[in-house]
Amino acid sequence: MILLGQYALIAALGVSVYGFGAAILGARRSQPGLVASARNAVYVTGALVTTATASLLWLLVNDRFEVRYVAQNSRIEQPLPYKISALWGGMAGSLLLWAVVLAGFMVVTAWINRDRHPELMPWVHAVCLITTAFFVALQLLAANPFETLPFTPVDGQGMNPLLQNPAMAIHPPTLYLGYVGFTIPFAFAIAALVTGKLDTSWLTAIRRWTIVAWFFLSIGITLGAQWAYVELGWGGYWGWDPVENASFMPWLIATAYLHSVIIEEKKGMLRVWNMLMIIGTFALCIFGTFLTRSGIVSSVHAFTTSTMGPLFAGFLAITLATSLGLVAWRLPELRSKNRLESVLSRESSFLFNNLVLVVACFAVLWGTMFPVFSEAINGVKITVGPPFFNRVNIPIFLALLALTGIGPLIAWRRASWPSLRRAFIWPGVTFVLAFAACVVLGLGGPYTWMSLSLSAFVVATVVQEFWRGARGRAASSGESLGLALVNLTRRNKRRYGGYVIHVGIVLMAIGITGSGVFQREAEATLRPGETVDIGGYRMQFEKLDIFAARGVDVVSASLVAFDGDRARFRMVPQRHFHPRQDNPTTEVAIWSGLQHDLYVVLAGWNNDGSNVATFKMYINPLVKWIWIGGFVLLLGTVICLIPDRVLADSGIANY
């Protein structure tokens, strides 16, 4: 299996480079045979990379510790699910995951479009194959997953215990499905630029790919936040860590594109902008992968420092130079003859939405890279922490939340004042009432009032849009209101699925506001029988146990939560000591409800037999609404992805 995996990677590199050359020559010389050969190279490359991945997976599951990667990321007593997830738990395996996901995507793309877009597909194949070749070359040159040791250890070191978590077992593959998925829209964009086929056909070809990639990236980010919440033991879920930011930045730009492309489809505007958004999204995906593996930033999520940083930087530089050069070449053809007719139009609101998202991305990028810039200029690495990101981004995201509610209320082309008055009256009243309630109840400060009031405003907008649409359909068709609502959504899934996504964003905003502003914490050192009060709970420490379970040494504390004199529930925070690992992991105890989470961490204990233990406790209000909002967001995305039969002939769904 070792040799099979190694030879499969070598062959994949050769075939992908051949396919890249065949695709370009076939397109330039109009030779269908070479184009077909390039398409076959896509299939063969996919099979070879899949073979290499299956080989490494077999080695991990069967404890083949003569392979360095297996010895570093697995051990005999490691549960089978985590032996499988060790495939992406280390540097080399994660690069192989990147390559195999891309191989799968490009094979599916080649098959679906084998009889479509004949002018575009050779260039799409070329972009996908050269990107695959780059990631395969990285493995062969800098991080070979099949490298063997000069001896065979009795057991392996095991995967990082922090990664042995269900969310982390799913988080990297979903994140990579998002990262890698944006390669396909990028490849079509490059193909359109090279061939000059700049009509909406390439947009139609990538619409679902873009939404699917955005869907998986959203899942990956949410699961990453959930992992940080339950595994790191600091009471939070997002710390503006560089690698967290690396996944958030392409999400912001992709979100901007998904809004602005609607204007190009309907009005033929923002063509240059949309091309730049696609290029920027892909570049930020590569940049995020570079950040994780270059060692230029410090992160709990990052891999160890490696020598591949310059290789990633070179690939990113070539990608940007080539892409932007093509945009500059095609600039006269990309310019739109249509212009915004009025500031008071849905086109303008979408444009402002895009600008806010890009500004947010730039702010995150600047804060993430500032330590690197400061070290390069002054020789001192100045760390930028969460206070900076919160101070800069909170106003930006409040503006984005406002635009989320305003956009659907404004008509296309030019809105009249009477129509604006009719559209805004109920959402506006909802905003004013919510703001007044926040002030009267003393819920935080101005930012909190605006966040909660704007959330109410957006929900009111969405409810009004569904109500008006369903009422109008019921009146014209004679259907019941419920049936009209269902059929309304079925006939225009992209529009109403987008509204559901907006509700998901609002629920997440409420959860973030509540947990960020109203969090309470306490720290106490207790003997058995002693209590501490937090958030209306009286926490009584019962006992401390030390035992071994499944090859892990466990320190476990038991506490009972009392509401008055009534025992409500028991919480058992723990610390786990894993073999061949220097630091114990924190196993948080969480009691979760819709109003708040009670979050307890075992911070320390005495080893003198006194059973004295120290606890950190947090009350995190509304945090569960973040995960509920994430689910609603994903539900809305699924609605958007369902084919719209009504508009299938035109290829473009109304928004």
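The values are calculated or read from the model by the stated rules, or taken from the named source; none is laboratory data. Since this is a predicted model, take the numbers as computed values, not measurements. We place every Cβ from the backbone using ideal geometry, glycine too, and count neighbours over all the protein chains shown.
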Within region 563-616, residues among the polar types (S, T, N, Q), outside any strand (DSSP E or B) and under 28 Å from MET508 (Cα atoms) come out as GLN595
Quick check, is THR489 at pLDDT below 95, in contact with a Pro (Cβ under 7 Å, 6 or more places away or on another chain), over 17 Å from PHE615 (Cα atoms) and of a type in the set (Val, Ile, Thr)?
-> no
Being in contact with a helix residue (DSSP H, G or I) (Cβ under 9 Å, 6 or more places away or on another chain), at pLDDT below 95 and crowded, with 22+ Cβ neighbours inside 10 Å narrows VAL42, VAL67, VAL49 down to just VAL67
The condition from (1) farther than 28 Å from VAL107 by Cβ; (2) touching a helix residue (DSSP H, G or I) at 6+ places or on another chain (Cβ under 6 Å); (3) not β-branched (Val, Ile, Thr) that PHE146 misses is numbered (1)
Checking MET159, MET168 in turn, the sole residue that is closer than 30 Å to VAL588 by Cα and not in a helix (DSSP H, G or I) turns out to be MET159
Residues of region 527-547 being among the small types (Gly, Ala, Ser) and more than 14 Å from VAL600 (Cβ to Cβ), in sequence order, are GLY529, GLY536
Only unsatisfied item for ALA228, checking (1) assigned to a helix (DSSP H, G or I); (2) in contact (Cβ under 8 Å) with a residue 24 or more places away in the chain, is (2)
Exercise. Does region 450-462 contain at least one residue that is surrounded by fewer than 19 Cβ atoms within 10 Å (Cβ to Cβ) and not assigned by TED's automatic domain parsing to the domain that holds ILE211?
Worked result: no
In the set TRP111, TRP123, the lone residue that is crowded, with 20+ Cβ neighbours inside 10 Å and of a type outside the set (D, E, K, R) is TRP123
(message) Against the definition (in a helix (DSSP H, G or I), assigned by TED's automatic domain parsing to the domain that holds ARG468 and over 29 Å from SER260 (Cα atoms)), how does LEU420 come out, yes or no?
(response) no
- Scanning for something outside any loop (DSSP other than H, G, I, E, B), surrounded by fewer than 23 Cβ atoms within 10 Å (Cβ to Cβ) and without any contact (Cβ under 8 Å) to a residue 60 or more places away in the chain, does region 265-273 turn up at least one residue? no
Being in contact with a helix residue (DSSP H, G or I) (Cβ under 8 Å, 6 or more places away or on another chain), over 26 Å from MET369 (Cβ atoms) and touching a residue at least 40 places away in the same chain (Cβ under 8 Å) narrows ALA187, ALA254 down to just ALA187
Matching residues in region 325-376 (of a type in the set (D, E, K, R), part of a helix (DSSP H, G or I) and surrounded by 15 or more Cβ atoms within 10 Å (Cβ to Cβ)) number 2
Scanning region 382-402 residue by residue, the ones that are β-branched (Val, Ile, Thr) and not in a helix (DSSP H, G or I) total 3
For helices (runs of 4 or more DSSP H) lying entirely in region 21-92, having 1 or more residues that are more than 18 Å from PRO145 (Cα to Cα), in contact (Cβ under 8 Å) with a residue 24 or more places away in the chain and among the hydrophobic types (A, V, I, L, M, F, W, C) picks out 32-61
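Residues checked against (1) within 16 Å of HIS596 (Cβ to Cβ); (2) of a type outside the set (Asp, Glu); (3) in contact with a helix residue (DSSP H, G or I) (Cβ under 8 Å, 6 or more places away or on another chain):
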| site | (1), (2), (3) |
| --- | --- |
| LEU481 | no, yes, yes |
| VAL486 | no, yes, no |
| ARG490 | no, yes, no |
| ARG495 | no, yes, no |
| VAL503 | no, yes, yes |
| VAL517 | yes, yes, yes |
| GLY529 | no, yes, no |
| GLY535 | yes, yes, no |
| GLU542 | no, no, no |
Problem set entry | Residue in region 107-115 that is of a type in the set (Phe, Trp, Tyr) and either outside the structural domain of PHE315 (by TED's automatic domain parsing) or over 30 Å from ASP199 (Cα atoms) (or both) present | no
Inside region 150-199, the number of residues satisfying the requirement of being of a type in the set (Ser, Thr, Tyr) and crowded, with 17+ Cβ neighbours inside 10 Å is 4
